[in-house]
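Heads up: the structure comes next, in structure tokens.
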Amino acid sequence: MCGIVGYTGHRQAAPILLDGLSRLEYRGYDSAGLAVRNGKAATEIVKATGKLYHLADKTDQGRSLPDTCGIGHTRWATHGDPSIINAHPHVSGNSTGPGGGEGDSDVVGVHNGIIENYTELKEKLLRHGYQFYSDTDTEAAVKLVDYYYKKYQIGPVDAITRTMVRIRGSYALALMFRDYPEEIFVARKDSPLIIGTADDASYLASDAPAILKYTRQVYYIENLQVARISCGSVRFYDLNGDETSLPMTEITWDAAAAEKDGYEHFMLKEIHEQPTAVRDTLNSLLKDGRIDLSAAGLTDEMIRGLKQVEIVACGSAWHVGMAAQYVIEDLARIPVRVELASEFRYRSIPMAPDTLVIVISQSGETADSLAALRVARERGAQTLAIVNVVGSTIAREADHVLYTLAGPEIAVATTKAYSAQLIAMDVLAIQMALLRQTISQDEYVHLTEEMGTIPDKIRRVLEDKERLQWFSSKIANAHDIFFIGRGLDYAISLEGSLKMKEISYIHSEAYAAGELKHGTISLIEKNTLVIGILTQSQLFEKTISNMAECKSRGAYLMGITTNGNFAVEDSVSFTVYVPRTDEHFIPSLAVIPLQLLAYYTSVNRGLDVDKPRNLAKSVTVE
Ligand code: M6R
């Protein structure tokens with residue numbers, strides 16, 4: 001939700017800021033803005049509504065702004081509609097001018113997060129003579145910094161820490177002060193922010209891909225810390241304004257991984273990166289062919305002693321939890337409950353110390369998942385985070401972390417991170433089963449070896465993409481699509497349905513196949529598309545019967561099943577086959593055609609696949 005960037009150095013700032021914002025656009029894309037400055041001259045602010053290219057056009061790709069220090073923002077609206085007035089940067093003065101204009105202000109800032117008590121702060125500032133021009137919460141934060149700065153005649157760091165004590169909510173704030181040329185001041189609480197340095201320049205961004213091209217040496221600023229950033233150096237301060245230190249970290253992600261690399265969309269590229277994402281994640285959890293979770297600090301005693309597993313996540317990560325539930329219960333015989341993080345955080349679930357709460361998150365910054373993690377820790381549970389972004393807040397706060405190695409995921413609709421999470425959860429389930437002796441050594445060896453075949457089998461599924469592309473052209477005008485399955489097939493249906501609706505805007509629902517007849521079947525009419533997932537041999541006949549019930553009410557059927565189940569073709573109009581494997585791992589294969597179907601349907605409908613309307617990749621608000 002919103003992306004921020006900053007640069008100070010000896011090069012022209014605006015092109016660097018625009019380039020960084022282009023890699024953060026997945027975080028929000030309803031408006032964007034820049035503020036740049038040089039020395040004590042007035043800050044120049046330019047804003048544009050809509051996607052980033054409007055801002056780039058307005059500034060001649062940044063070339064029309066010569067200054068060497070600046071901040072930028074791409075917005076996902078929370079307070080106030082997506083307009084020029086509400087677009088960031090915001091200023092301490094009375095206006096940013098029409099379309100931006102010259103800032104007449106001492107403080108200029110961009111913000112990612114939500115200031116919850118902004119109304120109260122606004123009232124206070126109005127009483128002190130400030131005027132407000134926007135509907136945003138950010139404007140109140142910027143003006144409050146200015147208020148303390150002037151009232152107490154203190155430096156920027158002290159003005160910012162006073163503000164941090166006063167505001168409630170989440171923020172990554174980047175501010176420039178007229179009196180401190182070539183410097184940027186940042187503050188963070190619960191919204192992501194990294195700072196990088198290289199030679200005589202410094203960079204800041206909400207996420208690594210925005211600065212990877214320039215530097216790999218980064219600092220993960222902590223919650224409630226402030227940083228003072230000048231050309232090539234950074235100083236950190238705590239909430240008391242005392243200087244503190246932070247370790248520098250080297251980012252290992254490949255910069256090329258954040259480029260489209262010839263693909264038309266990031267989503268298609270990321271779909272094709274799944275064999276690698278799954279293989280890399282798997283290899284990182286194996287040593288000499290055996291599972292080794294020591295990097296996550298999970299001890300054998302702890303795993304043996306578990307009585308309950310709670311999996312908490314949002315969106316697709318929650319769907320991974322739904323699949324993992326079946327696998328863990330079946331293999332390791334531990335009761336598993338899967339909760340939406342937004343619900344979990346407000347429920348008073350009793351939690352024993354022998355409960356393991358697993359939080360799954362690609363970004364490691366999802367607000368509800370982070371809050372759920374904190375609740376679980378408060379209640380005394382052990383916590384394990386399955387996270388893709390190194391150094392993210394969830395990764396830092398969990399007791400144990402298991403990283404997926406999917407690399408940077410840019411498309412809003414997750415694909416490779418989902419697949420990497422699935423395999424990580426499979427590994428965990430097998431290790432739990434081995435240690436709790438619910439599977440034999442032979443079964444352990446078989447399962448581990450079989451997992452190793454998954455990357456290649458995904459590659460084979462991807463080879464069938466032309467047929468899915470063809471089929472998607474037939475369904476591009478559908479009004480409703482139902483995805484049905486039982487057991488693990490139901491978990492995959494959930495993901496297939498979300499993928500379809502989030503990028504094609506076609507209404508879709510996922511149903512446990514046996515549940516349809518309890519109400520939903522009334523929605524089936526002539527030519528309604530019903531996609532059945534039929535990969536679990538024990539449940540195959542049951543789901544086929546449920547599909548037949550739909551067909552007799554006029555539905556048009558598609559089926560996804562495993563190689564050899566050719567009888568499906570007697571019942572459905574279009575069949576996709578995936579290679580055979582142990583049925584616990586089938587979600588890793590069956591999800592691929594569903595991703596491709598959603599992708600091509602979105603393309604056929606002429607939609608913006610990578611940046612679907614109303615969404616943002618990293619949901620850092622409640
Ligand atoms: O970063 P997270 O994994 O915590 O994100 C969770 C969801 O917001 C995310 O999976 C979302 O549902 C995706 N848009 C699905 O494609």
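For the stretch 424-433, 3J(HN,Hα) computed residue by residue from phi via the Karplus equation (6.51, -1.76, 1.60; θ = phi - 60°) reads 4, 5, 5, 4, 4, 4, 5, 5, 4, 5 Hz, glycine and proline entered as x. Projecting the alpha carbon convex hull of the stretch 453-609 along each direction and taking the average yields 8.2 nm². Projecting label points 7 angstrom from Cα along Cα→Cβ for residue 518 and residue 179 puts them 6.6 nm apart. Listed by chain and number, the lysines whose C-alpha is less than 27 Å from the C-alpha of residue 542, apart from same-chain residues fewer than 8 away, are 457, 499, 501, 517, 526, 551. With a Förster radius of 60 Å applied to the C-beta separation of residue 42 and residue 476, the computed FRET efficiency comes to 0.75. Extension gain, residue 11 to residue 460, is 157.0 nm, computed as 0.36 nm per intervening residue step minus the present C-alpha separation. Put simply, the amide H of residue 405, placed in the peptide plane, has neighbours under 5 Å in 281, leaving out anything fewer than 5 places away on its chain.
Couplings 3J(HN,Hα) for the stretch 3-19, derived from phi with the Karplus relation 6.51 cos²θ - 1.76 cosθ + 1.60 (θ = phi - 60°), are x, 10, 9, x, 8, 9, x, 10, 9, 5, 6, 4, x, 5, 5, 5, 4 Hz, where x marks Gly and Pro. Phi angles across the stretch 488-493 convert, under the Karplus curve 6.51 cos²θ - 1.76 cosθ + 1.60 with θ = phi - 60°, into 3J(HN,Hα) values of 4, 5, 5, 4, 5, 4 Hz, Gly and Pro given as x.
At 20 °C and a viscosity of 1.002 mPa s, what translational diffusion coefficient does Stokes-Einstein give for the chain, taking Rh as the Kirkwood radius over Cα pairs? Give it in µm²/s as a whole number. Please report the intermediate quantities before stating the final value.
Numbers: Rh = 25.4 Å.
Answer, rounded: 84 µm²/s.
Return the loop-located GluC sites (Glu not before Pro) in the stretch 465-524 (DSSP other than H, G, I, E, B) with at most 13 other Cβ atoms within 10 Å of their own Cβ; answer none if there are none. Hits after loop and neighbour filter: nothing returned. Hey, quick one: spin label on residue 541, modelled 7 Å out along Cα-Cβ, who in the stretch 561-584 has an amide N within reach, i.e. under 16 Å? Those under the cut-off are 567-568. In a DSSP loop and with at most 13 other Cβ atoms within 10 Å, the trypsin sites (Lys or Arg not before Pro) in the stretch 294-397 are 307, 333, 347. Ranking 232, 2, 80 by how far each Cα lies toward the positive end of the dipole of the chain (charges on Cβ) leaves 80 at the top. Placing unit charges on the Cβ atoms only, positive for Lys and Arg and negative for Asp and Glu, gives the stretch 3-251 a dipole magnitude near 160 debye about its Cα centre. In the stretch 276-380, the convex hull through the Cα atoms has an average projected area of 7.2 nm², a quarter of its surface area.
In percent, rounded to a whole number, the relative contact order of the chain is 11, using alpha-carbon pairs under 8 Å and six or more apart.
Amide H contacts under 5 Å for residue 556: 527, 528, 529, 530, restricted to partners 5 or more places along the chain or on a different chain, H placed in the peptide plane at 1.01 Å from N.
For residue 47, a cut-off of 12 angstrom between C-alpha atoms picks up these aspartates and glutamates, skipping any fewer than 8 places away in its own chain: 30, 57, 102.
What is the order of 189, 150, fewest Cβ neighbours within 10 Å to most? Provide the component values of the computation, followed by the final result.
Numbers: 189 20, 150 14.
Fewest to most other Cβ atoms nearby, the residues stand as 150, 189.
Taking 7 Å steps out from each Cα toward its Cβ at residue 152 and residue 287 produces label points 5.0 nm apart.
The fewest-to-most ranking of 79, 446 by surrounding Cβ atoms within 10 Å reads 446, 79.
Loop-located trypsin sites (Lys or Arg not before Pro) in the stretch 1-89 (DSSP state other than H, G, I, E, B) with a sparse environment of at most 16 neighbouring Cβ atoms within 10 Å: 11, 40, 63.
With contacts defined as alpha carbon pairs under 8 Å and 6 or more residues apart, what's the relative contact order of the stretch 453-609 in percent? Write out the running numbers ahead of the final one.
Details: 289 pairs, mean separation 49.8, N = 157.
Result for the stretch 453-609 is 32 percent.
Stokes-Einstein diffusion for the stretch 3-251 at 4 °C, viscosity 1.567 mPa s, with a Kirkwood radius from C-alpha pairs, works out to 75 µm²/s.
Neighbouring Cβ atoms within 10 Å as the yardstick, rank 550, 2 fewest first. Each step should come with its number before you reach the end.
On the way: 550 23, 2 28.
By the 10 Å Cβ count, ascending, the order reads 550, 2.
Out of residues 5 or more away from residue 79 or on other chains, whose amide H comes under 5 Å of its own, with H placed 1.01 Å from N in the peptide plane? Close amide H contacts, sequence-distant or interchain: 137.
Eigenvalues of the Cα gyration tensor times 5, then square-rooted: what semi-axes does that give for the stretch 179-328, in whole angstrom, largest first?
Values: eigenvalues 250, 108, 50 Å².
So the equivalent ellipsoid measures 35, 23, 16 Å along its semi-axes.
Since every read-out is calculated from the coordinates, none of them should be taken as a lab result. Since we're looking at a predicted model, the values are computed, not measured. Please note: Cβ atoms are built from the backbone with ideal geometry, for glycine as well, and neighbour counts cover all protein chains shown.
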